[in-house]
Structure formats: C-alpha cells, structure tokens
1. Among bridges DSSP assigns within the chain, what percent are antiparallel (round to 5)?
2. Quick one: which residues, 5 or more positions from Ser122 or on another chain, have an amide H under 5 Å from its amide H? H modelled 1.01 Å from N in the peptide plane, none for Pro or chain starts.
3. At 222 nm, what helix-only mean residue ellipticity would the chain give, in deg cm²/dmol to the nearest 500, using -39500 (n - 2.57) for each DSSP H run of four or more?
4. In what order do Ser45, Ser71, Ser81 fall by count of nearby beta-carbon atoms within 10 Å, going from fewest to most?
5. Once the Cβ-Cβ distance between Ile140 and Ile54 is put in as r, and R0 is 35 Å, what FRET efficiency do you end up with, to the nearest 0.05?
6. Identify all aspartates and glutamates with a Cα-Cα distance to Lys105 below 14 Å; exclude those on the same chain that are fewer than 8 residues away in sequence.
7. Could you give me the radius of gyration and the Dmax of segment 105-162, taking only the C-alpha atoms into account and expressing both in angstrom?
8. Hey, how many Å between the Cα centroid of segment 48-68 and the Cα centroid of segment 123-159?
Amino acid sequence: MKKILFTALLIFVCALLFNKPVTAQERPIQIALFNPVQIFPENTSVTGIRLSLIYGKNKNVTGIDWGFINSTTGNQVGWQSGFINLVDGGFLGLQAGFVNLTDNKFEGLQWGFVNYHRGKVSGLQFGFVNYAGSMNGIQIGLINIINQGGTFPFFPIVNWSF
C-alpha cells in the first residue's frame with residue numbers, strides 16, 4: 001500500500017513539474033542553507049525541487065519541497081515536508097510537518113502535530129491540534145477547531161464541515 005501511494009504521489013508531482021515550461025523567473029532547483037544563503041534569492045519561484053537544509057524561503061514553489069523550515073511567500077503546489085512549513089499564499093497538495101501554518105486557500109491533506117490554517121480548508125487536517133478559519137472537509141485530532149461555519153466550533157477527535 002505504501003509503495004502504491006508513493007508511486008501515485010511521484011506521478012502526480014512529475015505531472016505538475018513537466019506540465020508547463022519553466023519561465024525566466026522560475027528555477028528548477030533550489031538549495032538553501034538558510035535564507036539568504038541559498039542558490040537563488042527569495043523573490044524567485046521554484047518549479048521542481050527545493051531543499052532547505054535549515055531555512056529556505058521563496059516566492060512560489062511547485063513540486064517537491066523538503067527541509068527543516070520551509071517558507072513560501074506566494075503559492076505552493078505539490079508536496080511540502082519539513083519540521084516547520086509556512087505558506088503565505090494558497091496551497092494545493094500534501095503538507096506534512098511537525099508544525100504547518102498556512103494563510104490562504106488550502107486544498108488537500110495537512111498532516112502534522114499542529115495544523116493551523118487561517119483561510120478555508122478543503123480536504124483533511126490530521127494532527128494533534130487542527131485549526132481552520134473555515135472548512136469543507138474533516139479534521140481528525142485531539143483538538144479540532146473550525147472558526148466559522150463548522151458543525152461544531154470545537155470538537156475533540158473528529159470535526160467536520162460540508
């Protein structure tokens with residue numbers, strides 16, 4: 001089952017990576033020790049793979065984003081995995097980390113110890129503490145909070161809004 005899930009995720013990410021041409025403002029790879037010690041400056045978008053050894057920051061990221069602390073000031077599409085994941089814009093895909101913080105529209109799976117999303121979540125939040133500004137989906141965790149429009153504003157174990 002894990003191998004099938006990994007293969008499906010890999011195909012999804014590859015389809016995202018090769019579906020559009022890389023423009024002059026987008027780079028196919030980014031490696032960061034910590035911002036600003038990274039290959040390309042933070043105002044650059046990455047379409048491919050970003051590896052943040054300590055702390056990486058870029059405008060938009062499409063593809064695979066792995067690191068200790070990952071920061072995106074624009075939109076994120078694909079798979080983001082790190083200890084701390086920060087996205088200021090929208091997110092589409094899988095976000096997995098100890099702490100996941102996103103601001104704008106989120107579509108997909110957010111998996112971590114703390115999942116905090118100020119905007120609208122469409123999908124699943126799975127963690128110890130889950131917070132959504134509004135939601136079209138399910139939260140599974142010990143503390144589940146949906147600020148606006150949820151079936152319950154707070155409910156342990158599972159909370160939902162459709």
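1. Working: 8 of 82 bridges.
If we restrict to bridges inside the chain, about 10 percent are antiparallel.
2. Under 5 Å from the amide H of Ser122 lie the amide H atoms of Phe106, Glu107, Gly108, Asn136, each far enough along the sequence or on another chain.
3. Values: 1 runs with 17 residues, N = 162.
So the helix-based figure for the chain works out to -3500 deg cm²/dmol.
4. Values: Ser45 20, Ser71 23, Ser81 17.
Going from sparsest to densest Cβ surroundings: Ser81, Ser45, Ser71.
5. Working: r = 31 Å, r/R0 = 0.88.
E between Ile140 and Ile54, to the nearest 0.05, is 0.70.
6. Result set, ordered by chain and number: Asp88.
7. 9.1, 24
8. 27
Any read-out appearing in this document is the output of simple, stated calculations on the displayed coordinates, not a laboratory observation. Model, not experiment: these values are computed from the prediction. All Cβ positions, glycine included, derive from the backbone under ideal geometry; neighbour counts span all protein chains shown.
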